[in-house]
Each structure stands twice: as C-alpha cells, then as structure tokens.
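Asker: This is the structure, below, for whatever I ask next.
The values are calculated or read from the model by the stated rules, or taken from the named source; none is laboratory data. Just so it is clear, the model here is predicted, and its values are computed rather than measured. As a convention, Cβ positions derive from the backbone with ideal geometry for all residues, glycine included, and neighbour counts pool all protein chains shown. Remember, those area values only see protein heavy atoms, side chains included, never the ligands or the DNA or RNA. Shrake-Rupley method; radii C 1.70, N 1.55, O 1.52, S 1.80 Å.
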Amino acid sequence: VQSPDAFDALNAAGRRGLLTVYVKFYAVLIPGVYTIYAFIDTRSRLSQWLMAILLTAMYSYWLPQIWLNVRRGVARRLRIDYIVGSSIVHLFLPVYFFACPENIAFIRPTPLIWVLVVYNLSQAAVLVLQRFLGALFFIPAVLRPDVYSYCASLPSVDEESC
C-alpha cells in the first residue's frame, strides 16, 4: 500500500535537489559567460592566454572519467564511438570561433586553439587506450597499487595427504 504523503515528501526532496543543481549551474554559467565575454572583447595577449587557460579548464571534462578508471581499475565504462564523437562535437564551437577568420562573433583567429584541440583529443586517446591497455597503463609499475586477483589459482590439494 502506497501512501500519498510519502510520495509528496520524496517529490519535495527531489524538487529541492533539482533546485540546488539549477542554482549551482546558473551560479557558474552567468559569471562564466560574462568572463568569457570580457576576455574576448579585449585584444591583448594576456586576455588570449587567460582565455586559453579558461577553455583548458572547461575542456578537462574527461579527466574525472580517467581518474575514476584508475581508482577502480576498470576501463570499459564508455564506448569508443561516444568518446570520439563527443570530443569532436565539444570542439566544434571553440574551433569555429577561434580558428575561423570569418566567424559570426568577429573574433580574431588564434593558434592557441590548436593546443586545446590537442589537449582534448589526448584526453580522449587516454580513455581509448585505457580500454585496450588497461586502466593503469600510463602509471609506472613501481607506482601501481597492489590489486587483489580474484582469479588466483588455488593450490592443489594432495588427496593422499588428507
């Protein structure tokens, strides 16, 4: 038997959780958009470097997955076509705005955008290589943690000694 009061309590808690997510999202989005606009509006070298640092931080979205794969020792979480496809789609707008001379925002092309492209694609390459070579492939053997083998062979028991 379900109680309508219990459903309302869960629904209210769910609404509060969703509200928290939206507040945090917009608290980062609005100042972030303003900051990006302020960096793009100026033509100085410093603003270009700050924009490159900001975009690098924004495009580090594969790093948590790489870290999770290393911590858990499992690398078959995401499909390869998803990793490659989403990396390419995420790079479309920055490459358009910062590499195309005829973009709609009239932003001057900068060669620093190719650093972002290499950085993002190297993260995707690490994820793909983790899938094939193991989650800890890039960590030297000396620094790897000891991992329990669940497939360890049991010692054979000699029936005559029992």
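Asker: At what distance in nm do the modelled label points of Trp49 and Tyr82 sit from each other, each positioned 7 Å from its Cα along Cα→Cβ?
Answerer: Placing both labels 7 Å beyond Cα along the Cβ direction yields 3.9 nm.
Asker: Using amide H atoms built 1.01 Å from N in the peptide plane, name the residues 5+ places from Ala135, or on other chains, whose amide H lies under 5 Å from its own.
Answerer: The answer is Ala75.
Asker: Right, something else. How far apart, in nm, are two points set 7 Å out from the Cα along the Cα-to-Cβ line at Trp67 and at Val95?
Answerer: 2.8
Asker: In what order, largest first, do Thr20, Thr110, Thr56 sit by accessible area if the probe radius is 1.4 Å?
Answerer: Details: Thr20 65, Thr110 20, Thr56 45 Å².
Putting Thr20, Thr110, Thr56 in descending order of accessible area: Thr20, Thr56, Thr110.
Asker: If I model a spin label as a point 7 Å beyond the Cα along the Cα-Cβ vector, how far apart are those points for Arg16 and Val74 in nm?
Answerer: Using points 7 Å along Cα→Cβ, the separation is 3.2 nm.
Asker: I've got another one for you. Taking a ≥ b ≥ c as the square roots of the Cα gyration tensor eigenvalues, with a/c under 1.5 meaning rounded and otherwise prolate when a/b beats b/c, else oblate, which class fits the range 17-89?
Answerer: Working: a/c = 2.55, a/b = 1.54, b/c = 1.66.
Verdict is oblate for the range 17-89.
Asker: Tell me the per residue accessible area of the range 50-91 using a 1.4 Å probe; a whole number in Å² is fine. Don't jump to the answer; show the numbers that get you there.
Answerer: On the way: 2710 Å² over 42 residues.
So the range 50-91 comes to 64 Å² accessible per residue, rounded to a whole number.
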